[in-house]
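The values are calculated or read from the model by the stated rules, or taken from the named source; none is laboratory data. Note that the structure is predicted; figures quoted are calculated from it, not measured. For neighbour counting, all protein chains shown are included, and Cβ atoms are generated from backbone atoms with ideal geometry for every residue, glycine included.
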Amino acid sequence: MAVGTLIVAAGSGQRFGGPKQFERVGGITLLEAAIERAKSISNRIVVALPAGIELPSSNSELAYTVGGDTRTESVANAFRALGDRFDYVLVHDAARPYASQALFERVVAALARGCLAVIPALESVDTLKVVEDRMVRETLDRNKIVRVQTPQGFQYELLAEIINSRKEATDEAAIAEQLGYPVTIVPGEELASKVTWRADLERLRLPRVGLGF
Ligand code: CTP
Ligand code: MG
């Protein structure tokens, strides 16, 4: 069971106010924290970094490549740099540095059971509404809504097909869905929430206190 992991870290962090993947928390960058948690389950990790910065040296277990203008392009570039075929490929955001090893394991376990595409999801505690021009158009059934996270896992050939389709989406699971493939959810975790705004750093650090994290 060989696992290749793509960590996308090529964004510019417009909402954060700078490339958040290089922000240091507890002495290490968010990107380093993400790599650390992915390591034990991955045979090879490829990290997509912004263009214009010097790439750290690569080895067979951890390699760096240049990302693209969109997340989808960064995933495609990282996939190309994976080189060999792996049984499963995980796609993970550097902006979710506190996703636990247990979450990575849960995703891989579902792939090992034969699921084609696997995504962590959390139920929505808030009611969600569709709005247009600041007016509510529709209230969604909360029981049918989940918040989706990474790492997202794919059987190798499916991710290859997703990338070759050249469709753009905020995540690869959405493309799997568009192509008509079943996408399975596994329980996500609050700690795997994305760092989008600077305030998210404080929010995500709180649960770490006293957990020996
Ligand atoms: N990402 C990437 N390549 C891009 C855009 C995003 O690799 N061209 C990565 C980000 O580095 C991040 C993940 O995709 O790890 C999720 O994206 P997001 O939270 O939107 O990060 P940014 O695009 O950097 O932030 P913003 O949208 O606020 O500019
Ligand atoms: Mg973005």
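One table, with the values for the structure above:
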quantity	calculated
Qualifying strands (runs of 3 or more DSSP E) (wholly inside the range 66-161; at least 2 residues being within 27 Å of Phe16 (Cβ to Cβ))	88-93, 117-123, 129-132, 146-148, 152-155
Selected residue (criterion: nearest to Ala109 (Cα to Cα)) from residues of the range 130-180 that are out of contact with any Phe, Trp or Tyr (no Cβ under 9 Å at 6 or more places or on another chain), touching a residue at least 24 places away in the same chain (Cβ under 8 Å) and of a type in the set (Ser, Thr, Tyr)	Thr150
Options Leu62, Leu49: the member that is more than 14 Å from ligand 1 (Cβ to nearest atom), farther than 13 Å from Ala95 by Cβ and surrounded by 18 or more Cβ atoms within 10 Å (Cβ to Cβ)	Leu62
Complete set of residues in the range 36-55 that are free of Cβ contacts under 8 Å to residues at least 24 places away in the same chain and assigned to a loop (DSSP other than H, G, I, E, B)	Gly52, Ile53, Glu54, Leu55
Count of residues meeting criterion [in contact with a Gly (Cβ under 8 Å, 6 or more places away or on another chain) and either among the small types (Gly, Ala, Ser) or in a loop (DSSP other than H, G, I, E, B) (or both)] in the range 13-32	1
Test: Gly67 is touching a Pro at 6+ places or on another chain (Cβ under 8 Å), touching a residue at least 24 places away in the same chain (Cβ under 8 Å) and within 16 Å of ligand 2 (Cβ to nearest atom)	yes
Matching residues, the range 4-25, being more than 16 Å from ligand 2 (Cβ to nearest atom), touching a residue at least 24 places away in the same chain (Cβ under 8 Å) and more than 14 Å from Ala78 (Cβ to Cβ)	Val25
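Residues checked against (1) modelled with pLDDT of 95 or more; (2) aromatic (Phe, Trp, Tyr); (3) more than 16 Å from ligand 2 (Cβ to nearest atom):
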site: Arg96; (1), (2), (3): yes, no, no
site: Glu105; (1), (2), (3): yes, no, yes
site: Leu116; (1), (2), (3): yes, no, yes
site: Glu123; (1), (2), (3): no, no, yes
site: Thr127; (1), (2), (3): no, no, yes
site: Asp141; (1), (2), (3): no, no, yes
site: Ile163; (1), (2), (3): yes, no, yes
site: Pro182; (1), (2), (3): yes, no, yes
site: Ile185; (1), (2), (3): yes, no, yes
